[in-house]
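Contents: one structure, followed by commentary.
The values are calculated or read from the model by the stated rules, or taken from the named source; none is laboratory data. Bear in mind that the values here come from a model prediction, so they are computed numbers and not experimental data. Heads up, the Cβs are rebuilt from the backbone with ideal geometry, glycines too, and the neighbour counts pull from every protein chain shown. The protein model used for the area step is the full one, side chains on, heavy atoms only, and it has no ligands, DNA or RNA in it. Shrake-Rupley method; radii C 1.70, N 1.55, O 1.52, S 1.80 Å.
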Amino acid sequence: MTWTEALPRPYYSTYEKVAVEDDWFEVYRLPHEVYAITEPRHFQEVTSFLILGSQSALLFDTGMGISNIKKVVTALYPGDVIVMNSHFHFDHIADNHRFDRVFLFNEPHAVSQLQKGCTPAELAYNVLPAMFWGDPPLGFNPAAYAIPPVTPQVVEDDHLFDLGNRTLQVIHTPGHTRDCIMLLDTGNRILFTGDSLYKGALYLHFQSPMYGYSDLGAYTDSMKKAARLAASLEFLYCSHNDPVVNPTMLHAVVQALEQIQSANSVDERTDAGLHAYEQEEDHLARYPFGEFSIIIPAAKSRAD
């Protein structure tokens, strides 16, 4: 079964859809003045979140750059918008160059990748025909797909973004990459999880300049840190697949990680498929846990 056979995803029908001119994007109004800006016709199925305050708004990631997300954002909110990237991966930062103020966690490799940008050769795998549901937008040329460089402003753990009547706190959650963060909206009981958690394949196998450096131990610590917040949360807003997830998933991921790293028997598979990226598929182990799976290097899965 290919990823497109399950499309369109049924969970989108449970959210309030907002009409936008660019049909590459689908936009949904979520509780507490948040818009989910989704790109469901690409394999990444990435979501960027426009979070509104009384004085300004924050865009959590800028998507793939396959079409112009700034036009969508401006139509939804005409005021001042800043960008905070959940991490430096291409599918979250490609339209950074369209915005004046872009923030990233202060991690040297991640900062250097934004300053460098990405070339068509580096991104070619991600715009193969198999990555699209239907055709790309009119005028998009996969052979020329590139990400312009930007110089971000950097933030540290616990940095606060004040949007007026709303404050967002940076929570550093390394593991997927070293610079991964979540955003905590205490007042509205929301945790924006970025790529640290969502329903689907959770990638912990990256070891390259393009995709960064994953760390199973750091990820386990990050998930335990996030799970301690679960009782105070109403929603997880996630950057891939279903945008709204119950906070109890934080505990489920911690339990899964503990199973993988213990002597307990767990189902290990090697069918990573499109999830492999720059790794050989037979060098990876995939552990399925119902609504999510965890992908790590096979050698780590057998260590001790």
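So, of the residues in the stretch 139-176 that are of a type outside the set (A, V, I, L, M, F, W, C), within 16 Å of residue 96 (Cβ to Cβ) and crowded, with 19+ Cβ neighbours inside 10 Å, which turns out to be nearest to the chain's Cα centre (by Cα)?
The selected residue is 152.
For the stretch 49-67, which positions are part of a strand (DSSP E or B) and within 16 Å of the chain's Cα centre (by Cα)?
Across the stretch 49-67, the qualifying residues are 49, 50, 51, 58, 59, 60.
Among the residues of the stretch 178-199, which ones are in a loop (DSSP other than H, G, I, E, B) and in contact with a helix residue (DSSP H, G or I) (Cβ under 7 Å, 6 or more places away or on another chain)?
Answer for the stretch 178-199, where residues must be in a loop (DSSP other than H, G, I, E, B) and in contact with a helix residue (DSSP H, G or I) (Cβ under 7 Å, 6 or more places away or on another chain): 178, 179, 189, 196, 197.
Search the stretch 54-78 for residues that are in contact (Cβ under 8 Å) with a residue 40 or more places away in the chain and pair each with any residue that is of a type in the set (Gly, Ala, Ser) and open to solvent by 10 Å² or more (accessible area, probe 1.4 Å) when their beta-carbon atoms are under 7 Å apart and the residues are at least 6 apart or on different chains.
54/164; 55/164; 56/79; 56/164; 57/79
Output the number of residues of the stretch 137-167 satisfying the condition of being touching a helix residue (DSSP H, G or I) at 6+ places or on another chain (Cβ under 9 Å) and closer than 19 Å to residue 53 by Cβ.
3
Residues being closer than 22 Å to residue 137 by Cβ and under 20 Å from the mean Cα position of the chain (by Cα): count how many of those fall in the stretch 1-28.
Within the stretch 1-28, residues that are closer than 22 Å to residue 137 by Cβ and under 20 Å from the mean Cα position of the chain (by Cα) number 11.
Here is a yes/no grid of residues against (1) more than 30 Å from residue 286 (Cβ to Cβ); (2) in contact (Cβ under 8 Å) with a residue 40 or more places away in the chain:
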position: 131; (1), (2): no, yes
position: 141; (1), (2): yes, no
position: 145; (1), (2): no, yes
position: 158; (1), (2): yes, no
position: 187; (1), (2): yes, no
position: 212; (1), (2): no, yes
position: 222; (1), (2): no, yes
position: 228; (1), (2): no, no
position: 238; (1), (2): no, yes
